[in-house]
Structure formats: structure tokens, C-alpha cells
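The structure under discussion appears below in the form of C-alpha cells.
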Amino acid sequence: MTKLSPATRDKLKKVSTATLATALFKRGLRNQFIQDVHPLRARTETMVGEAFTLRYIPAREDLNPLTVFRNREHPQRQAVEQCPPGAVLVMDSRKDPRAASAGSILVTRLMVRGVAGVVTDGGFRDSSEIAALDMPSYHSRPSAPTNLTLHQALDINVPIGCGDVAVWPGDVVVGDVDGVIIVPAAIADEIAAEATEMTAFEDFVTERVQGGQSILGLYPPTDETNLAAFDAWRKQKGR
């Protein structure tokens, strides 16, 4: 799995998914924001980590009795134990929240192991307990039934679809209050650098707009005097 550099991880923690979406759009990537997935609890710190994936398929009753959890090699359990510290477990639940992708015990285990976050396009059971944990978590909605009623965990760390987005192992997962976006691993460093620059300019623009300036000629900066003002602002702010 591609290793995210500490410098890039730090940059991504300081930019929004909205800014990242624009940076990706500039490169022709229009479908990187996971649809209909929301944080269980709003947090001030951004979730960042490499994707480690789990794929569910529709459950078949003869293959998914409750006793399958006695098998130590069960893919769901193995995904929880194998997901590396600093990574984000991303689950393909086929956008079906009628049965839980996981519950609080498994998510607690991920947190204790140092995983950076967990994402499913399905639902979590024990959602209030998961929301209270010290680890970011994202899902579609709460769901009490065990995953076995509708989902069969099949593959670990393979390409998946999550909320209509293709996720490859090692892609960079970034989550904030708006939701979760996937940054292809091969361009993560350059996207992080560009988003950092974009964020600095957006902060400058916000300050100017709050001061009463029109957005015309400022956002985008078609008036070159605004670019000069931005350069002066950056020097003053040390950015």
C-alpha cells in the first residue's frame, strides 16, 4: 500500500474537502466525493489516511449464519485486525444501510489499533457509541441489524466502490464536516500542495469580503491589483 508522507498528511489535515474537490476537478476528476455519507459527529480535526478496503456482496442465507463469526479468518474480522495504523478502513456496502457494516466493538478495536478513521456507504449499528469514540467515522445512517442479514464480507484490500466512487487500496481518504473525498495516491502530494495554496488565497478572499470588498475581480483574481494585495497579505501573515 502506498505510504502517505508526513508532510502531505499534515497539509491535507489543513484543507477542506471542498478545496480538494476543486483541485481534482482541474485535473478532470469529477467523481471523487463519496455520495450520501456523513460524519457521525462533527469534528474539528480532518480525517486523513490511506485507504484499506473491505468489500461486501449480497448475503446468501445458507452461507451467512451467525456462526461464521467463529471463524478467525472471517473477512470482516480480518479487515479490522489488518487495517494499518494511520489508514482509513473504507467499506463497500453497496449503498445499502438496511444492515450494519459494523458496530461499536469493531470500530473501537480500529480506534485502539491507531486507525485514522472508518467509512461505509452503508450504516453502523451502535451509532451513538461510535460517534462518541475518539476516531472519525462516516456512514449513510444508523442501522441496527447485523451485517449478516444482508451483507457478506468477501474481499480485503481490493478496489471497491464506495458511494459511487472508485477506491483503490492506498488512495488517500480525506474527511471533514462536509463528507469524504478520495485523492488518487499517485497525485496526492501535488494535490495537497495545490490545495494548501488555494486555501491561503481563499482565506485572503474571505478576509477581504468580510471587509466589504466585491468578489468581482477578486474571486477569481482577474484584477491584478488583488494578486499584489495577496502577496503582501501572505508576507504579513507569514503564509
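A compact table of results
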item	result
Complete set of residues in segment 170-186 that are in a loop (DSSP other than H, G, I, E, B) and over 8 Å from the mean Cα position of the chain (by Cα)	170, 171, 177, 178, 184
Filter result for the condition that a residue is touching a Ser or Thr at 6+ places or on another chain (Cβ under 7 Å), open to solvent by 50 Å² or more (accessible area, probe 1.4 Å), in contact (Cβ under 8 Å) with a residue 24 or more places away in the chain and not polar (S, T, N, Q), over 164, 176, 189, 121	189
Of the criteria (1) of a type in the set (D, E, K, R); (2) open to solvent by less than 40 Å² (accessible area, probe 1.4 Å); (3) within 27 Å of residue 61 (Cβ to Cβ), which one residue 171 fails	(3)
Residues being open to solvent by less than 40 Å² (accessible area, probe 1.4 Å), more than 16 Å from the chain's Cα centre (by Cα) and without any contact (Cβ under 8 Å) to a residue 40 or more places away in the chain - total across segment 124-159	1
When residues of segment 53-78 are limited to those that are out of contact with any strand residue (DSSP E or B) (no Cβ under 7 Å at 6 or more places or on another chain) and among the β-branched types (Val, Ile, Thr), the one surrounded by the most Cβ atoms within 10 Å (Cβ to Cβ)	68
Top-ranked residue of segment 212-226 - restricted to ones that are assigned to a helix (DSSP H, G or I) and modelled with pLDDT of 95 or more, ranked as farthest from residue 202 (Cα to Cα)	225
Condition met for residue 17 (of a type in the set (Ser, Thr, Tyr), within 23 Å of residue 157 (Cα to Cα) and open to solvent by less than 20 Å² (accessible area, probe 1.4 Å))	no
Test: residue 195 is assigned to a helix (DSSP H, G or I) and open to solvent by less than 30 Å² (accessible area, probe 1.4 Å)	yes
Complete set of residues in segment 79-99 that are surrounded by 16 or more Cβ atoms within 10 Å (Cβ to Cβ) and either hydroxyl-bearing (Ser, Thr, Tyr) or more than 19 Å from the chain's Cα centre (by Cα) (or both)	93, 99
Residues of segment 20-44 satisfying the condition of being on the phi > 0 side of the Ramachandran plot and either modelled with pLDDT under 95 or open to solvent by 60 Å² or more (accessible area, probe 1.4 Å) (or both)	36
Scope segment 198-211; condition part of a helix (DSSP H, G or I) and either over 20 Å from residue 23 (Cβ atoms) or among the aliphatic types (A, V, I, L, M) (or both); matching residues	198, 200, 205, 207, 208, 209, 210
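Every residue, every condition in (1) under 30 Å from residue 7 (Cβ atoms); (2) in contact with a Leu (Cβ under 7 Å, 6 or more places away or on another chain), yes or no:
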{"site": "52", "(1), (2)": "yes, yes"}
{"site": "69", "(1), (2)": "no, no"}
{"site": "76", "(1), (2)": "no, yes"}
{"site": "81", "(1), (2)": "yes, no"}
{"site": "95", "(1), (2)": "no, no"}
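The values are calculated or read from the model by the stated rules, or taken from the named source; none is laboratory data. Note that this is a predicted model, so its numbers are computed, not measured. As a convention, Cβ positions derive from the backbone with ideal geometry for all residues, glycine included, and neighbour counts pool all protein chains shown. Just the protein is used for accessible areas: all its heavy atoms, side chains included, with ligands, DNA and RNA removed. Shrake-Rupley method; radii C 1.70, N 1.55, O 1.52, S 1.80 Å.
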